[in-house]
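Note sheet for the following structure.
The values are calculated or read from the model by the stated rules, or taken from the named source; none is laboratory data. The model shown is predicted, which means the values in this text are computed figures rather than measured ones. Cβ sites come from the backbone with ideal geometry, for glycine too, and all protein chains shown count toward neighbours.
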Amino acid sequence: MQPYQALFAPILQKLQIEALNEVQLATIEASRQENDIVLLSPTGTGKTLAFLLPLLAGLKEEKKQVQALILTPTRELAMQIESVFKDMKTPHKVTCCYGGHAMRVEQQNLIDPPALLIATPGRLVDHIKRENIDLSKVKLLVLDEFDKSLEFGFQEDMGFIIKQLTGLQKRILTSATESIKIPDFTGIGKPIRLHFIPKKSAGKKLDIKIVQSPEKDKLQTLLKLIGNLEPGAMIVFCNHRESAERVSEFLFDNNIIHDYFHGGLEQKEREKTLVKFRNGTVQIMVSTDLAARGLDIPDIKYIVHYHLPPTADAFTHRNGRTARMDAKGSAFLILNEEENIPGYVEGDPQIFYLKECPPPAAPAWDTLFIGKGKKDKINKVDIVGFLSKQGGLKKEDVGLIEVKDFFAYVAVKRDKITEVLDKVKHEKIKGKRVKMEVAL
């Protein structure tokens, strides 16, 4: 096997990463030993690359079989890991399987076995029972966000899957919760434990405040809170899907640009919502705890607990979306007169008094949908050139571009997007007619 540094240097160059962080270095060093690994680290600390690099070191190009398996609790996390692995530009095939994705497409992809398989537990069980995949040669298993998988009730599915891994040699388990009890079905005995969860006293960058709602229904209080805050990325957490949609409908009726996000949405809608949140088209996302971790979204300025989190862990993970690394953030608990500050809230949070303020201005960006993607040989350079030449946009008028397999999303300055669509409606990209519209 190549020395680790020689193997990883070109990968880091492709990812435009100058150096590995402490979490990644420790995981790579631990992976050289035979023991299983339990990595305890918060979201946003580079866990994905931490396990992908040692995983890559063990893949053999000449072996046409599934050699490594990554199980994740959510489809978004599965897709995120797949995207990082593809960006590494290795010679190894990767396939991603998850609910909400066409089964026949996955079956076709599995005919030629990938070296790396990424999957959600339920969908992989379906493939195993249909005999679409042979996992007997898998040597490395990664259980990513394992605590979240347990929370979602995937114990039985994961136990069934692990029984199929008769050639398994090593396991890497990641968790954002240190109190996790590792079940026997994982087969993890005496692992190397890597602990990077900071002590609670270290969380001084998070400012927790109480917002008092004079009514049991908190909608008007939320609206006023939004108007009182400086512009910035915000997640409003609700405990149920129906509540998230109800809050969203109220904000829509009050002309607040936002989106909502929960597990009941179609995959395309979930993906579009996250794209618009990442590129600044919407700065407010109303969500269930699905957005608490495992999503590729930027650091958040504000966390709003519209509903009180059901557990201390849920409170921690929601708040973990802000005040990460060197950033600061604020968390607001909206409490009506019947609610008290939960016991898991440490310290003495101050009351945030609301003033009468106008609603926030619309974000500077809007999102353009382009109906061609990677499979059509369209890349970011093509899109920038097209929007510049045919659309008349300047460099500063174009923001984040995300190119998927069959379509792309482009952030364009909100005051320019109508003009751009008018200019390019009869134009072609690389000789191809393309559907373009505002992503609603």
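Data for the structure
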{"item": "Where a residue in segment 71-98 is in contact (Cβ under 8 Å) with a residue 40 or more places away in the chain and assigned to a strand (DSSP E or B) and its partner, wherever it lies, is among the polar types (S, T, N, Q) and buried (at least 21 other Cβ atoms within 10 Å of the Cβ), with Cβ under 9 Å and at least six apart", "result": "71/120; 71/149"}
{"item": "Residues within segment 277-298 that are among the hydroxyl-bearing types (Ser, Thr, Tyr) and more than 20 Å from residue 226 (Cβ to Cβ), tallied", "result": "0"}
{"item": "Residue selected from segment 267-307 under the condition modelled with pLDDT under 90 and either charged (D, E, K, R) or in the same structural domain as residue 144 (by TED's automatic domain parsing) (or both), by the criterion surrounded by the fewest Cβ atoms within 10 Å (Cβ to Cβ)", "result": "268"}
{"item": "Number of positions in segment 114-150 that are of a type in the set (A, V, I, L, M), assigned to a loop (DSSP other than H, G, I, E, B) and in contact with a Phe, Trp or Tyr (Cβ under 9 Å, 6 or more places away or on another chain)", "result": "0"}
{"item": "Residue pairs meeting the criteria (Cβ under 6 Å; at least 6 apart or on separate chains; first in the same structural domain as residue 73 (by TED's automatic domain parsing) and farther than 16 Å from residue 152 by Cα, in segment 174-187; second modelled with pLDDT under 90 and part of a loop (DSSP other than H, G, I, E, B))", "result": "178/197"}
{"item": "Any chance residue 338 is within 19 Å of residue 251 (Cβ to Cβ) and charged (D, E, K, R)", "result": "no"}
{"item": "Residue check for residue 268: within 18 Å of the chain's Cα centre (by Cα) and charged (D, E, K, R)", "result": "yes"}
{"item": "Candidate set: segment 13-52, residues that are of a type in the set (Ser, Thr, Tyr) and part of a helix (DSSP H, G or I); chosen: the one surrounded by the most Cβ atoms within 10 Å (Cβ to Cβ)", "result": "27"}
{"item": "Some residue of segment 97-117 being modelled with pLDDT of 95 or more and under 21 Å from residue 402 (Cβ atoms)", "result": "no"}
{"item": "Qualifying positions in segment 353-400 - in contact with an Asp or Glu (Cβ under 6 Å, 6 or more places away or on another chain) and either outside any helix (DSSP H, G or I) or β-branched (Val, Ile, Thr) (or both)", "result": "369, 373, 390"}
{"item": "Matching entry among 30, 68, 9 (being of a type outside the set (Val, Ile, Thr) and modelled with pLDDT under 90)", "result": "9"}
{"item": "Selection count, segment 134-153, where residues are buried (at least 19 other Cβ atoms within 10 Å of the Cβ), over 15 Å from residue 78 (Cα atoms) and modelled with pLDDT under 95", "result": "2"}
{"item": "Residue within segment 62-83 that is farther than 28 Å from residue 292 by Cβ and of a type in the set (A, V, I, L, M) present", "result": "yes"}
{"item": "Of residues in segment 154-190 being polar (S, T, N, Q) and within 22 Å of residue 128 (Cα to Cα), the one surrounded by the fewest Cβ atoms within 10 Å (Cβ to Cβ)", "result": "166"}
{"item": "Members of segment 72-96 found to be among the hydrophobic types (A, V, I, L, M, F, W, C) and over 16 Å from the mean Cα position of the chain (by Cα), listed by number", "result": "88, 94"}
{"item": "Tally, over segment 27-55, of residues that are touching a helix residue (DSSP H, G or I) at 6+ places or on another chain (Cβ under 8 Å) and closer than 26 Å to residue 292 by Cα", "result": "14"}
